[in-house]
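Only one structure is covered here, and it is reproduced in the block below.
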């Protein structure tokens, strides 16, 4: 018996090692979903106190316009809550990611142009969104068909 045969026999008796990376999508879903649930609930229950220092003038004008619309803040809160629950439960994850993508784009741009202090957190959430979109990329393939058939 040569050394190659022996090593293949020894390796065959041990189960293959599973990598920690198989848990990364679940961890990313939870890290993205839980804050969305919390912030979505806060949109209705207002349990998170506002920041001690006021927002810059343009950021305040933007946030004020969203609140003045009468529907946008409840819509954002409900979308966050529903998407967060779906992500935490691992159900309809591609749909939850599609629902939240415009919010994350706007969040990054808001913090980039109007209020810089929240930019690192916005970039973190956008990175988690992009990572999960990559993990679930096969679910999005039908969206990229030039001539879809009914």
With respect to residue 143, determine if the residue is more than 26 Å from residue 23 (Cβ to Cβ) and either part of a helix (DSSP H, G or I) or out of contact with any helix residue (DSSP H, G or I) (no Cβ under 7 Å at 6 or more places or on another chain) (or both).
yes
Within the bounds of region 105-117, is there any residue that is part of a helix (DSSP H, G or I) and either within 13 Å of residue 39 (Cα to Cα) or touching a strand residue (DSSP E or B) at 6+ places or on another chain (Cβ under 7 Å) (or both)?
no
I'd like the full set of residues that are part of a helix (DSSP H, G or I) and surrounded by 10 or more Cβ atoms within 10 Å (Cβ to Cβ), limited to region 68-81.
72, 73, 74, 75, 76, 77, 78, 79, 80, 81
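Conditions (1) free of Cβ contacts under 8 Å to residues at least 24 places away in the same chain; (2) touching a helix residue (DSSP H, G or I) at 6+ places or on another chain (Cβ under 9 Å), marked per residue:
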position	(1), (2)
31	no, yes
40	no, yes
64	yes, no
71	yes, no
83	no, yes
105	yes, yes
Can you tell which of 102, 49, 54, 94 is loosely packed, with under 13 Cβ neighbours inside 10 Å and within 16 Å of the chain's Cα centre (by Cα)?
102
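Residues are listed down the side, and each one gets a yes or a no for (1) at pLDDT 95 or above; (2) under 18 Å from residue 130 (Cα atoms); (3) in contact with a strand residue (DSSP E or B) (Cβ under 8 Å, 6 or more places away or on another chain):
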position	(1), (2), (3)
40	yes, no, no
51	no, no, no
68	yes, no, no
75	yes, no, no
84	yes, yes, no
89	yes, no, no
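The values are calculated or read from the model by the stated rules, or taken from the named source; none is laboratory data. Values in this document were obtained by computation on a predicted structure and should not be read as measured data. So basically every Cβ, Gly included, is an ideal-geometry build from the backbone, and we count neighbours across all protein chains shown.
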